[in-house]
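Only one structure is covered here, and it is reproduced in the block below.
Only the coordinates and a few stated rules stand behind these numbers; no lab work does. All of these numbers come straight from a predicted model, not from anything done at the bench. Cβ placement follows ideal geometry from the backbone for every residue including glycine, while neighbour counts extend to all protein chains displayed.
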Amino acid sequence: MPAQPFILGVNYWPRRKAMYWWRNFEAAKVREEFGVIKGLGMSLVRIFLLWEDWQPTPDSVDPQALDNLGTVCEIAAELGLQLDVTFFTGHMSGP
């Protein structure tokens with residue numbers, strides 16, 4: 001059996017925004033922190049989409065959140081990072 005590479009990754013929550021990063025999205029901060037992750041030798045980043053930030057009403061998805069996710073995907077691709085996207089987290093570290 002051929003050896004497969006060991007994938008090293010991290011759950012991502014921005015340092016200063018934690019689970020509230022989608023509400024106050026800053027691409028420059030994501031780029032900076034993904035650069036740190038890459039610099040530490042990791043290749044996979046798991047991100048979490050919080051339900052309340054992504055589906056403001058039962059029949060809609062926030063178009064700005066979709067645009068921000070596209071930006072996160074572009075940043076990850078530019079840095080050679082893989083993403084593991086968790087759809088949808090109903091609660092995280094709080095009520």
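What does the charge dipole of the range 6-95 about its Cα centre add up to, to the nearest 20 debye, if the Cβ of each Lys and Arg holds +1 and the Cβ of each Asp and Glu holds -1? Spell out each step's value before the answer.
On the way: 8 positive and 11 negative charges, 85 e Å.
That gives a dipole near 400 debye.
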Query raised in the report: What residues have an amide H closer than 5 Å to that of LEU49, excluding those fewer than 5 places away on the same chain, when H is modeled at 1.01 Å from N in the peptide plane?
Result: THR86, THR89
Query - Estimated [θ] at 222 nm from DSSP helical runs (n ≥ 4, -39500 (n - 2.57)) normalised by residues in the chain, nearest 500 - result: -11000 deg cm²/dmol
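What is the Cα radius of gyration of the chain over 2.2 N^0.38 Å, N being its residue count?
Working: Rg = 14.3 Å, N = 95, 2.2 N^0.38 = 12.4 Å.
Output field value: 1.15.
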Query raised in the report: Can you give the angle from 0 to 90° between the axis of helix 63-79 and the longest principal axis of the chain, with both taken from C-alpha atoms, to the nearest 10?
Result: 10 degrees
Report task. Round to the nearest 10 and give me the degree value, 0 to 90, for the angle of helix 27-39's Cα axis relative to the longest principal axis of the chain. Result -> 30 degrees
Report summary line: When the charge dipole of the chain is computed with +1 at the Cβ of Lys and Arg and -1 at the Cβ of Asp and Glu, the Cα pointing farthest to the positive end, of LEU79, THR57, ASN24, is that of LEU79
Query raised in the report: Considering only DSSP beta bridges whose two residues both sit in the chain, what percent are antiparallel, to the nearest 5?
Result: 10 percent
